[in-house]
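The numbers here are math on the coordinates, done by the rules we state, and not lab data. Predicted model, so just to flag it, every value in this text is computed and none were measured. Cβ placement follows ideal geometry from the backbone for every residue including glycine, while neighbour counts extend to all protein chains displayed.
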Amino acid sequence: MIGTVGPFWAANEVWIILAAGVIFAAFPVWYGALMTALYPLFALILLALIGRGVAFEYRAEIDHRRWRLFWDVTSFICNALPAFLWGVIMTNMVRGLPIGVGGRFQGTPLDAFDLFSLLGGLATLSLFVLHGATFLLLRLETGSELYARARAAALSFGAAATVLVLLFVYVGFVREELFKSFGYAEWIFPALAALNLGLIWLALTVKRDALAFVATGLTIVASTATIFLSLLPNVLPSTLGETYTLTVQNSASEPYTLRLLTWVGVIFLPLIIGYQAWNYYVFRQRVTESGAKPSGSVLPDTEA
């Protein structure tokens, strides 16, 4: 399984660094308030990403069952934790945080957790696991045991994701924290998310692996767009009062900085996307257990 993401996982983390850098440059007040309020969560995500890389590299260094089991467990935790915490962070951006004058956080780390944020974390985790399972269907040799297990996981987490996402949307709608600023045009994104969520089931049923992967990706993109559109014109609501709520206007950088960022994005973003598309094209072949590199393959069992 590790061999399926071998050529891609390090490059994919560039998007996390890029997103953080863009937010810092374009919306420094928002960046400062969000990082201060949810610093423990971001620190855990960073540590988990470091641990994931270490687990990938060290797993096959020693041909020993307990050694590989330790790094398998480490890899599982370090992959699941960022997905769950990202959902918690996104939910907190919707429901708001105790932000005071100048974007200063006036709460405790425990303020980030309630039933709604935990539900958001579980919904995000289930969607990401579903996306990962459909990616495995594209990368693994059809007919192999791992391929069959990936298909079973996709069906199981597809059901879990459907239930959790619908429950999250229902709770958010009842609490008036989702869709509160929606006009007619904005409804296209939740509709697109729902449509692709149904398309995933159809694709898995007829065994169209590529369609299932694209549909899960579009579901995640449309769901993220729905959350941000629910916030506009705010970027981080304050639970202490509307006066302290951070908006697009009061948290943005100077116009010159925004223009500079726009030109940098216009020039370099297509290059980054093009390189990653080329990378995926070059390594598009399905991975077999015998053909995977030792650092990313399943080694023969060695008893302790």
In 5 Å bins starting at 0, how do the alpha-carbon pair distances of segment 44-92 split up by percent?
5, 23, 26, 18, 13, 8, 4, 3, 1
In Å and on Cα atoms, what radius of gyration and Dmax does segment 1-59 show?
14.1, 41
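How much length, in nm to one decimal, is gained on full extension between V266 and L195, taken as 0.36 nm per residue of separation minus their Cα-Cα distance?
22.5 nm
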Could you check the spin-label model distance between L115 and T243? Points 7 Å from the Cα along Cα→Cβ, value in nm.
3.3 nm
Taking amide H atoms as placed 1.01 Å from N in the peptide plane, list the residues 5 or more away in sequence, or in a different chain, whose amide H sits under 5 Å from that of F105.
G100
Taking the Cα centre of the chain as origin, work out the dipole magnitude from +1 charges on Lys and Arg Cβ and -1 charges on Asp and Glu Cβ, in debye rounded to 20.
380 debye
Difference of contour (0.36 nm per residue) and Cα-Cα distance, S253 to R149:
32.6 nm
Taking the convex hull of the alpha carbon atoms in segment 213-288, what volume per residue do you get, in Å³?
139 Å³
Under the 0.36 nm per residue contour assumption, what length would be gained going from the current alpha-carbon distance of D63 and Y280 to full extension?
75.1 nm
Spread of Cα-to-Cα distances over 10 Å intervals beginning at zero, given as percent, for segment 61-145:
15, 29, 29, 16, 9, 2
Fewest-first ranking of F228, F84, using other Cβ atoms within 10 Å as the exposure measure
F228, F84
Per the Cα gyration tensor, segment 1-117 corresponds to an equivalent ellipsoid with semi-axes, largest first in Å, of 33, 16, 11
Taking the C-alpha atoms of the chain, how large are the radius of gyration and the largest Cα-Cα span, Dmax, in Å?
20.7, 63
If I require 27 Å or longer along the helix axis, counting alpha carbons, and a Kyte-Doolittle average no lower than 1.0, what helices from the chain are left? Use full DSSP H segments.
39-58, 115-139, 145-174, 209-231
Over segment 89-216: Rg over Rh, Cα atoms, Kirkwood Rh:
1.08
